[in-house]
Amino acid sequence: MVRQGSSSSSRHRLALVLVAGGLIALVGFGIRSIYGLFVEPLALAHGYSRETLGLAIALQNLLWGAAQPLAGGLADRFGPARVLSGGGIVYAAGVALTAVADTPLLLHLAAGVLVGLGLAGASFAVVIATTSRLLPPASRARAAGFVTAAGSLGQFVMAPLGQSLIQEFGYRTALYLLAVFPAVVPFLALALAGADSPPPAKISAAAPSLSRALVAALRHPSYLLVVLGFFVCGFHVAFIAAHLPAHCSAIGIDPWTAAWALGLIGLFNIAGSWASGELSGRIPRRLLLSAIYGARAVAIVLFLLLPPSSGLVLAFTAAIGILWFSTVPPTSALVAAMFGTRYLGTLFGIVFFGHQLGAFLGVWLGGAVFDRLGTYEPVWWAGVGLALFAALVHLPIGERPAPGFAREAAA
């Protein structure tokens, strides 16, 4: 493992892993984050309701989360390269198949099941767990901030690119072209080959087993509070990413403004994720997370109460972008502080499953409420309440090793 005073070759190795991992995060999160741009084209082409489309994206989020602990466990055991490669191939197939999804069942299979499972394998969660093993505890949140910022850059790049492709070639060709990006992930994953968990011979006989770590985590109050908080994060980001373009259309905002709004979220989250990674090593992470969720509540309230305009949409998305995935570095660092990095892929995967349960609820509820009421406003206000809830539940979290894991957390 890389520690202070490591050789030049080890530093170069770490840099290569970070760059390749950042590009994988860029591709994985970038394409997934712009599926909202395809809601109206798919609805016009096939007559899908918002609830049908919302359910497809909700399934994508749910299966991404449900499969993430499994993907993390496989990466913990067999190394990240194989898992990332398989995920990239499945992801590409799902994006391409969405282009010909002319029935709700096929839509849910492509955009929901395949993309969701592909994301579990080719996502930033696997990359963050890998980089965390290569770094000392003080540097892990910073690396997580870098990887998360790369994913946000993907959203900034893919949002205008996706809208341009839709307008120039139509939504079907746009999806075919976008599918090329995750197909490249297996080649990028080669850089992470060998960045595996410690081999069995190097693991102390006293080291806890995976089953013991899982039981300890599910009985540890602070860990469960982390899961609850990340549930709220998932509700916010998935609802906004999936339904903001349609919400903009409903309040009279043009599609290009909606596309640039999604891009601005990614752009400003580069700064937000980087700053969060830096701050996670300087101030208590629980307080940082509480402040982030409190700020989200304020931003959403202002967005709802001020008169709608293109300027307001862009200002809101810039503000929410700073807060978007700035939750990831302190959240992953809290899990590592409690249980160490040996099973971080699995344990952070469970936390991420909580995130995706929130994402499923946010995306599905947004479509269901709009179909029945013709407005997204009740779901926005639900997001405010959940943000305040998350701000409170992070306050009592203990930032120390879980009982019996002091040695692992210090490693």
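The values are calculated or read from the model by the stated rules, or taken from the named source; none is laboratory data. Please read all numbers here as calculations on a predicted model, not as lab measurements. Cβ coordinates were reconstructed from backbone atoms using ideal geometry, including for glycine residues, and neighbour counts include every protein chain displayed.
Things to note:
- Residues (modelled with pLDDT of 85 or more and in a loop (DSSP other than H, G, I, E, B)) located in segment 168-215: 170, 179, 184
- Members of segment 254-271 found to be touching a residue at least 60 places away in the same chain (Cβ under 8 Å) and either β-branched (Val, Ile, Thr) or under 24 Å from residue 395 (Cα atoms) (or both), listed by number: 265, 269, 270
- All positions within segment 97-119 that are over 26 Å from residue 75 (Cα atoms), in contact (Cβ under 8 Å) with a residue 60 or more places away in the chain and not β-branched (Val, Ile, Thr): 99, 107
- Test: residue in segment 91-102 that is more than 19 Å from residue 351 (Cα to Cα) and among the charged types (D, E, K, R): yes
- Inspection of segment 236-254 identifies no residue that is modelled with pLDDT of 90 or more, among the hydrophobic types (A, V, I, L, M, F, W, C), in a helix (DSSP H, G or I) and more than 22 Å from residue 57 (Cα to Cα).
- Of all residues in segment 364-381, those satisfying the criterion of being farther than 14 Å from residue 238 by Cβ and crowded, with 20+ Cβ neighbours inside 10 Å are 369, 370.
- Meets criteria (in a helix (DSSP H, G or I) and either farther than 24 Å from residue 50 by Cα or touching a helix residue (DSSP H, G or I) at 6+ places or on another chain (Cβ under 8 Å) (or both)) for residue 352: yes
- Residue in segment 222-235 that is more than 20 Å from residue 333 (Cα to Cα) and modelled with pLDDT of 85 or more present: yes
- Residue 385 being buried (at least 19 other Cβ atoms within 10 Å of the Cβ) and part of a helix (DSSP H, G or I): no
- Pick from segment 249-265, criterion hydrophobic (A, V, I, L, M, F, W, C) and within 25 Å of the chain's Cα centre (by Cα), ranking: surrounded by the most Cβ atoms within 10 Å (Cβ to Cβ): 265
- Options 289, 304, 334, 312: the member that is in contact (Cβ under 8 Å) with a residue 40 or more places away in the chain and surrounded by fewer than 24 Cβ atoms within 10 Å (Cβ to Cβ): 304
- Qualifying position, being among the hydrophobic types (A, V, I, L, M, F, W, C) and closer than 30 Å to residue 77 by Cα, among 298, 335, 313: 335
- Just one of (1) out of contact with any Cys (no Cβ under 8 Å at 6 or more places or on another chain); (2) crowded, with 22+ Cβ neighbours inside 10 Å fails for residue 358. It is (1).
- Candidates 340, 345, filtered to the one that is in contact (Cβ under 8 Å) with a residue 12 or more places away in the chain, surrounded by 24 or more Cβ atoms within 10 Å (Cβ to Cβ) and more than 19 Å from residue 397 (Cβ to Cβ): 345
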